[in-house]
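The values are calculated or read from the model by the stated rules, or taken from the named source; none is laboratory data. This one's a predicted model, so the numbers in the text were calculated from it and none came from an experiment. So basically every Cβ, Gly included, is an ideal-geometry build from the backbone, and we count neighbours across all protein chains shown.
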Amino acid sequence: MTAEDVILLSANAFEQEEGITVFPNPASDVVKLSAGTLVEAGTVELMNVLGQSLAKTSISASEQVQFNLAGLKGGIYLVRYTTASNTSVKHLIVK
C-alpha cells in the first residue's frame, strides 16, 4: 500500500456519508437533520434531557428533515437516530 492508496476523511466527511448531521447547532427556531448517503432508514427523535420525546419522524439516505423549535426553552436537547441495527445520540443546543 502506498500513500496514494490511502484516502483521508475528516470526521465531518465520515459523518456526512454514514451519519446524521444536525445543523445549525446551536439553533434557535428550526434545526435541520441531514442523512448521509450511506445512512440506513430509521427514525430521528428530538428529546429533552429527561429522555421525553418532543418530536419524532422517519428519515432515509440522503434525506433532510427539520424540527420546529418554537416554544422550547433554551438549553441542551438530544437528537436520537435509531435504525434496526443501531442507535446514536447527538446533543443540540437551543438558544
Next item on the list: For segment 65-90, name all the residues that are touching a residue at least 40 places away in the same chain (Cβ under 8 Å) and not in a loop (DSSP other than H, G, I, E, B).
Entry: 79, 81, 82, 88, 90
Notebook entry, point to check: Which one is surrounded by the most Cβ atoms within 10 Å (Cβ to Cβ) among residues in segment 20-55 that are touching a helix residue (DSSP H, G or I) at 6+ places or on another chain (Cβ under 8 Å) and among the hydrophobic types (A, V, I, L, M, F, W, C)?
Noted result: 39
Checklist line | Scan of segment 29-51 for residues that are in a loop (DSSP other than H, G, I, E, B) and closer than 14 Å to residue 91 by Cα, ordered by number | finding: 48, 49, 50, 51
Next item on the list: Please work out which one of (1) at positive phi; (2) surrounded by fewer than 11 Cβ atoms within 10 Å (Cβ to Cβ) is the condition residue 75 fails and give its number.
Entry: (2)
Next item on the list: May I ask you to list the residues in segment 68-90 that are at pLDDT 95 or above and either more than 11 Å from the chain's Cα centre (by Cα) or more than 16 Å from residue 33 (Cβ to Cβ) (or both)?
Entry: 68, 69, 72, 73, 74, 75, 76, 77
